[in-house]
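Notes to accompany the following structure.
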Amino acid sequence: MKGTMSEDILIKYLLGEANAVEKMETEIWVTADLKNAKKLDDLRIILEASRKLAVSSPLNEEQAWSNFKVRKEKQVPDPILLKSVSTRFSWAQIAAAVLLISAAGWMYSYLYHPGRNDIKTITLTSTEKFITDTLPDGSIVHLNKNSSITYAKNFSKYRNINLIGEAFFEVKHGIKSTFTVSVNDVLVKDIGTAFNVKAYLGKTEVIVEEGVVEVSKAAKTIRLNENEMVNIQNGSAEMIVEKSPDHLYNYYRSKIFTANNTPLDRLVNVLNEAYGADIRIDNKALNHVPITVTIRWDSPLSDILEIIRETTPEIRIQKKGPIIHLQ
């Protein structure tokens, strides 16, 4: 696995122009180290800022990035030379182009300057128990088991979270800086909301409980409203908005499993995750049997299975070693 990654490849990845091999290498590199994930996210922030500034700029995205990379490699403030442009561009547009390159250079200096102390990070990690904590801006994070978040110490200026695993965020508003969550190669931007983000089995899941979020991957952005969700496969830019089918995702925050006509296979998947169990449905005809129960998470798994059996007489439960069979 590569210890370093070409910034040209990282930029191509963010622009959605990387080939299959480059995508795979980038995603392996990002998941190998939180520092790698942060570097990719910092480049993403620069790209997003450049896009906003480029709305009225005569420079296209590739030209802007090319100029930015040259300036960064030289590490000195070079004069900006303007080529003659068509008279259809106003001086305001030319100024915007200059600002685009200057802003990119400034943001690089801000994020990567080795002498700065304000980009030191804080990491919060959970192991066998979930954690609830208050972030420096007053936002609340509920961190599921075996998960971690990393953020800058100067969080009020740079409210970006790098997530591994799963977390639910209740975001504090009335603060100028935008609250974002980076996970895998996906960026989730808060627009006044409470939402759950989960990275597992090669994909990223985002569920909005309240408000609205924007979800971005490569050059594509979608908006999720309350009770909507999206599942994004690693290596794919496809994002399809769906209705969230239940509230089982928040069991680690509410400490309750609430199933309301929930398919058995969905409930089993959540129980396996929550208890580290190996429950298998042998009779596939049972997969879509609707289950309606409300169970506390601190109940023993054996009690939960017995409640399911009592509410659904056609289910038989058999345990063989560590494996629990539903027949």
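None of the figures in this text is laboratory data; all of them are computed from the coordinates on show. All figures in this text were calculated on a predicted structure; none of them were measured in a lab. Every residue, glycine among them, receives a Cβ derived from its backbone with ideal geometry; neighbour counts consider all protein chains shown.
How large is the dipole of the stretch 121-243 about the Cα centre if only Lys and Arg carry +1 and Asp and Glu carry -1, each at its Cβ, rounded to the nearest 20 debye? Could the numbers behind the result be given before it?
Values: 14 positive and 15 negative charges, 85 e Å.
Dipole magnitude for the stretch 121-243 comes out near 400 debye.
Contact order normalised by length for the stretch 121-243, with contacts defined as Cα pairs under 8 Å and 6 or more residues apart; what percent is it? Relative contact order of the stretch 121-243: 16 percent. Remark: spin-label model distance residue 123-residue 146 equals 1.8 nm, labels positioned 7 Å along the Cα→Cβ axis. Electrostatic tally near residue 194: other residues with Cβ closer than 12 Å to its Cβ, Lys and Arg +1, Asp and Glu -1, net -3. Taken one residue at a time, the phi angles of the stretch 131-138 give Karplus couplings (6.51, -1.76, 1.60, θ = phi - 60°) of 10, 10, 9, 9, 7, x, 8, x Hz. Gly and Pro are set to x. What the phi angles of the stretch 248-255 give under the Karplus curve with 6.51, -1.76 and 1.60, with θ = phi - 60°, is a coupling list of 5, 4, 9, 4, 6, 8, 7, 6 Hz, glycine and proline written as x. Specify whether the C-alpha gyration tensor of the stretch 169-227 places it in the rounded, prolate or oblate class, a ≥ b ≥ c being the square roots of the eigenvalues: rounded for a/c under 1.5, otherwise prolate if a/b is larger than b/c and oblate if not. The shape class here is prolate. Each residue of the stretch 155-170 was assigned a 3J(HN,Hα) from its phi angle through the Karplus curve 6.51 cos²θ - 1.76 cosθ + 1.60 (θ = phi - 60°); the sequence is 5, 5, 8, 9, 8, 10, 10, 9, 10, 10, x, 9, 7, 10, 10, 10 Hz, with glycine and proline shown as x.
Annotation: for a label point projected 7 angstrom from Cα along Cα→Cβ of residue 233, residues of the stretch 185-202 with backbone N closer than 14 Å are 201-202.
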